[in-house]
Amino acid sequence: MGMDPELANLTADEIRRLLHGQSVAPRGNSDTSNTSCGTRARLGWVPLMGSEVVLDDEGSAFVLVFPCEESLGGTVDIDAMIQEPMEAAERIFCRRRNAASMDTLNEGFDLLASGPVRAGVYQSVVRAAVVKILIATGMKLDTFPSVDGDESFLRLSLDADGDVVRRLAQRFRYRVPVKLSVYKDMPAEGADFEGGRPMVDHGKPLLAHVEYDEQLREHLQPFRHIDVVRLVHMCLDEWLDLNEMRKQNVLSAFFPAMHYEQMRRIHSEWGDWKHAWKLPSHNHEDQVRDYLGENSSFFFRWFAFYVRSLVPIAVIGGICALRRVEAFHVALDKQRYVQVGFALILCLWAALFQQMFNKKTQVAVRNWGMKDWASMHSVDRAEYKPKMEGTWRLWMQRSFSEFSVLVFCLLFVAVILWIENIYSEGLQNNDLWAHQYGGYITVGLIKVVSLSWGMIAPVIVNMQNHRTEFDHNNAMTRVLAMVKIFVALFPFVNQAFLKKFSEPTCGESFVDAALKVYGDIGWPDGIPHADPVLKLANGTVGLVDGDALLWLTQFSFINRREQQCIYGCFPVRCVGNAACVTNCMQRLEQDLWLVYITHVGCTVAFSLVIPIALAKISVVMELWKVQRRGEDKPYTLLQFQAKCSEIASYEYGSWGGSQVEDFLELAIGFAMLTCFGIALPAMAVLALLSHIIEYRLLAYRMTNVTCRPFPAGADGIGVWDKIFDAICDLAVIINVGMAVFCLYPMRHWTIRHQLYAFAVLEHTMFAIRYIVKITISGESSQLKRIDDFNERVVALIHSRTSRYAAVTVPEDCRQRASSVNVSLGPKSCHFEVLNDLSLNFL
């Protein structure tokens, strides 16, 4: 294979300058990119590398990277034996949704039919078949070696206006928006629409989208680059299992080709660090969608809407946080009323936020032509086993996977309770580690357990044998979210509700129990007597006066052994005998601060710093191999992208992130804010600031670090909508529970009155949520009207084609009208006059 012509024209000096981040000098005229032969070598700046590379993305839609043999530095051992070559080839070439692919193995695979063969033979046969298929489907192919010669790049391209793209679009029923000119003949409708144009919602004209048909070509908008990428991928998936090829080491990577101009545009306007101080906006969503696809765009759309929605709740949370400023002289009991009020506002805000986003999403779904996209373009998984359907084995596997989720959560509960018990003993013994590192242990445990479940979840989901990638991804999302959100919240639920009952301290008398609690840690601040217990001359203890421990009586009970006990949540700061702050609330606030700060640090490290370092090291190592040989070769954009694919591809478990992992981090933060904002209103301020930074980090990562993901379509955020809805329901229960059972004054009511208060408040909040849902529905009457209007537009352009024209029969095949009598009667005009009518339009 020869070097790309554009690259071959670079001189050794230019290559050396290029690799050191310097631009190439002009040659004879003002165009700095002209070579001596007149061939233009395009250069472009790559922010991650901090230097320029040769741009070889022009016209490319998809890239396949083939490893070379080990003698060239590749990973293919040509002498290894393939024991069942035909079965291995069948897994690559036989596709269930394409009957024609079943005939692929009938020609050119004779060398594999006789049994075990060397890997060199197998790879040669398979690669030859791949090239033959790609050429037969009309792909334009172009190959060039990697800079260190250990891989071969195969660029696939199609002309966006060519016949092959149009035929693929028609075969895959690909949706395309209609032209504006289609609407010019549409009549006025109602008092607010004058006709002759598309209908508008939220300032956006919503065009009709129709499945591509060659006869409708003049009415449809031209294909974009992202459309070509999708159609090429659909064509590849119809004939080849790319994941199986990578598994068999036939391919080392495959990815949509980076479009440099698009990438630089969205980087400079959206993903650059200079925008880090700005609130995210929706101004660049169409550009993000045209490069990353609707699936990623809906994620960033949700993220931007979430950050902007945090502004009012952060302002309110910041004002509530001022309650502790001594200058305002807000009594502790009044502070509790402020917290309860903030909790009610927070629950209402969460309900409004979710419904408002759903409403705006429906507009974007219509605008981007994504309605029902998932059900129309789902892709079968290679791992799916049809023969397992309906078997006891599959039922057992699915039951085991569901049971595993429950068992894992219960084990985590046991570990948390065990650690909390050790922590409490450490506090009572006044151990230094308990005072200084207790919160870090909780945060570390959450991270370790979440990481462990992240490795277990894929195994469990694969056992469920899902047929399509859509179903598999939804199952993965549910399994991960269910456990990881539980793991993130349960330690705080334990602090707020369970610790009170799980860790009581008992003694023979009330004073004995009090001394066991406070003997080592000291009495709370703010109580009427600094030291309410006196040591008497006879060696016993007594109270300074009869009301010295009045503030503690509300935190005590008598157990079944008739012992005096103090709950696990006991006062650590009081204002007289009226209101107190418990150790549980104090620890809860500290842990919430620590978790949020840790989250920001982990996001910066794992989403950006480590992927950047790994990608740079990989590029440097590749260039070092070339320099060690004494060769000068240019480094190109697609080779850089291949390294990003190797280090930071956009898939689960990769340094490049994935939608399920990115969404999951946000869902955990959203859950902590909505569920425990009552304990720490200032968390809303921290959430706003951290998410502004995190949004820009992810934008930078997606444009500069992560290998360009396949631009998948989507009709919204999918299953995440239900997950966030469930979090909002949980937030109502936890906030009301904390207001009733954990905060002054209701925590001192009798259990009967507490249950009444909980039932009333909880039902009231759910009623408000229900009213918000029915008031702000996802699909407004205007959207339904636009859908109906666009359906008539599609029907109109269909009727103008021969394929969809009104059905009529030739005149000589028609029944005589005179044989049908539907006249008014003998006094009316005789029905036979119909024979004289000429219906030329039929």
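Quick notes
- Applying the condition of being touching a Phe, Trp or Tyr at 6+ places or on another chain (Cβ under 8 Å) and not hydrophobic (A, V, I, L, M, F, W, C) to segment 158-173 and asking which residue is least open to solvent (accessible area, probe 1.4 Å) yields ARG166.
- Positions within segment 531-550 being open to solvent by 70 Å² or more (accessible area, probe 1.4 Å) and at pLDDT below 75, in sequence order: LEU534, LYS535, LEU536, ALA537, ASN538, GLY546
- Yes/no for GLY138 being open to solvent by 20 Å² or more (accessible area, probe 1.4 Å), under 37 Å from the mean Cα position of the chain (by Cα) and not basic (Lys, Arg): yes
- Among residues of segment 596-620 that are farther than 30 Å from PHE492 by Cα, those with a Cβ under 9 angstrom from a residue that is part of a helix (DSSP H, G or I) and among the polar types (S, T, N, Q), sequence gap 6+ or separate chain, pair up as ILE612/ASN704; VAL619/GLN639.
Conditions tested, residue by residue: (1) touching a residue at least 40 places away in the same chain (Cβ under 8 Å); (2) of a type in the set (Val, Ile, Thr).
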| position | (1), (2) |
| --- | --- |
| SER268 | no, no |
| HIS282 | no, no |
| GLU285 | yes, no |
| PHE299 | yes, no |
| TRP302 | yes, no |
| VAL307 | yes, yes |
| ARG324 | no, no |
| LEU344 | yes, no |
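- Residue within segment 583-592 that is touching a residue at least 24 places away in the same chain (Cβ under 8 Å) and in contact with a Gly (Cβ under 6 Å, 6 or more places away or on another chain) present: yes
- Number of positions in segment 212-230 that are in contact with a helix residue (DSSP H, G or I) (Cβ under 8 Å, 6 or more places away or on another chain) and not β-branched (Val, Ile, Thr): 10
- Filtering segment 77-106 to residues that are closer than 17 Å to THR137 by Cα and surrounded by fewer than 17 Cβ atoms within 10 Å (Cβ to Cβ) leaves CYS94, ARG97, ASN98, ALA99, ALA100, MET102, ASP103.
- Contact annotation: residue pairs with Cβ atoms under 6 Å, 6 or more positions apart or on different chains, pairing a residue in segment 409-423 that is aromatic (Phe, Trp, Tyr) with a partner that is in a helix (DSSP H, G or I), are PHE412/VAL449; PHE412/VAL487; TYR423/ALA434; TYR423/GLY438.
- Within segment 109-133, considering residues that are touching a strand residue (DSSP E or B) at 6+ places or on another chain (Cβ under 6 Å) and more than 13 Å from GLU69 (Cβ to Cβ), the one least open to solvent (accessible area, probe 1.4 Å): VAL117
- Count of segment 265-277 residues which are within 26 Å of ARG42 (Cβ to Cβ) and either under 22 Å from the mean Cα position of the chain (by Cα) or surrounded by fewer than 16 Cβ atoms within 10 Å (Cβ to Cβ) (or both): 9
- Taken residue by residue, segment 597-606 has at least one member that is of a type in the set (Ser, Thr, Tyr), surrounded by 14 or more Cβ atoms within 10 Å (Cβ to Cβ), closer than 30 Å to SER690 by Cα and in contact with a helix residue (DSSP H, G or I) (Cβ under 6 Å, 6 or more places away or on another chain).
- Residue in segment 188-210 that is surrounded by the most Cβ atoms within 10 Å (Cβ to Cβ), counting only those that are touching a helix residue (DSSP H, G or I) at 6+ places or on another chain (Cβ under 6 Å) and part of a strand (DSSP E or B): VAL210
- Pairs, first within 15 Å of VAL407 (Cα to Cα) in segment 442-460, second of a type in the set (Asp, Glu) and open to solvent by 30 Å² or more (accessible area, probe 1.4 Å), C-beta under 6 Å, six or more apart: none
- Every listed requirement among (1) surrounded by 17 or more Cβ atoms within 10 Å (Cβ to Cβ); (2) at pLDDT below 85 is met by VAL363 save one, (2).
Yes/no matrix, rows are residues, columns are (1) within 30 Å of TYR174 (Cβ to Cβ); (2) open to solvent by less than 40 Å² (accessible area, probe 1.4 Å):
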{"residue": "LEU279", "(1), (2)": "no, no"}
{"residue": "GLY293", "(1), (2)": "yes, yes"}
{"residue": "TRP302", "(1), (2)": "yes, yes"}
{"residue": "VAL307", "(1), (2)": "no, yes"}
{"residue": "ILE316", "(1), (2)": "no, no"}
{"residue": "HIS329", "(1), (2)": "no, no"}
{"residue": "TYR337", "(1), (2)": "no, no"}
{"residue": "LYS359", "(1), (2)": "yes, no"}
{"residue": "GLY369", "(1), (2)": "yes, yes"}
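- Residue among LEU498, LEU515 that is within 47 Å of the chain's Cα centre (by Cα) and open to solvent by 50 Å² or more (accessible area, probe 1.4 Å): LEU498
- Within segment 559-592, if we keep just the residues that are open to solvent by 40 Å² or more (accessible area, probe 1.4 Å) and charged (D, E, K, R), the residue that is nearest to TYR440 (Cα to Cα) turns out to be ARG573.
- The number of residues in segment 621-650 being without any contact (Cβ under 8 Å) to a residue 40 or more places away in the chain and either within 18 Å of PHE299 (Cβ to Cβ) or outside any loop (DSSP other than H, G, I, E, B) (or both) comes to 6.
- Wholly within segment 293-394, helices (runs of 4 or more DSSP H) carrying at least 2 residues that are more than 30 Å from CYS235 (Cβ to Cβ) and of a type outside the set (D, E, K, R): 294-321, 332-367
- Among residues of segment 492-517 that are within 30 Å of LEU730 (Cβ to Cβ) and charged (D, E, K, R), those with a Cβ under 7 angstrom from a residue that is open to solvent by 10 Å² or more (accessible area, probe 1.4 Å) and not in a helix (DSSP H, G or I), sequence gap 6+ or separate chain, pair up as LYS499/CYS569; LYS500/TYR567; LYS500/CYS569.
- Test: residue in segment 666-676 that is under 13 Å from the mean Cα position of the chain (by Cα), closer than 25 Å to MET455 by Cα, modelled with pLDDT of 90 or more and open to solvent by less than 10 Å² (accessible area, probe 1.4 Å): yes
- Residue in segment 344-353 that is open to solvent by 50 Å² or more (accessible area, probe 1.4 Å) and touching a Leu at 6+ places or on another chain (Cβ under 9 Å) present: yes
- Test: residue in segment 567-579 that is of a type in the set (S, T, N, Q) and in a helix (DSSP H, G or I): no
- Residue count, segment 58-73 (criterion: outside any helix (DSSP H, G or I) and at pLDDT 90 or above): 10
- Taking the criterion of being open to solvent by less than 20 Å² (accessible area, probe 1.4 Å), in a loop (DSSP other than H, G, I, E, B) and among the charged types (D, E, K, R), the only residue of segment 700-717 that qualifies is ARG708.
- Residue among ASN840, ASN821 that is at pLDDT below 75, in a loop (DSSP other than H, G, I, E, B) and over 44 Å from the mean Cα position of the chain (by Cα): ASN840
- Subset of segment 623-665 (residues that are of a type in the set (A, V, I, L, M), closer than 30 Å to PHE353 by Cα and open to solvent by 10 Å² or more (accessible area, probe 1.4 Å)): VAL660
The values are calculated or read from the model by the stated rules, or taken from the named source; none is laboratory data. All values derive from a computational prediction rather than experimental measurement. Every residue, glycine as well, gets a Cβ built from its backbone with ideal geometry; the counts of neighbours run over all protein chains shown. What goes into the accessible areas is simple: the full protein's heavy atoms, side chains included, and nothing from ligands, DNA or RNA. Shrake-Rupley method; radii C 1.70, N 1.55, O 1.52, S 1.80 Å.
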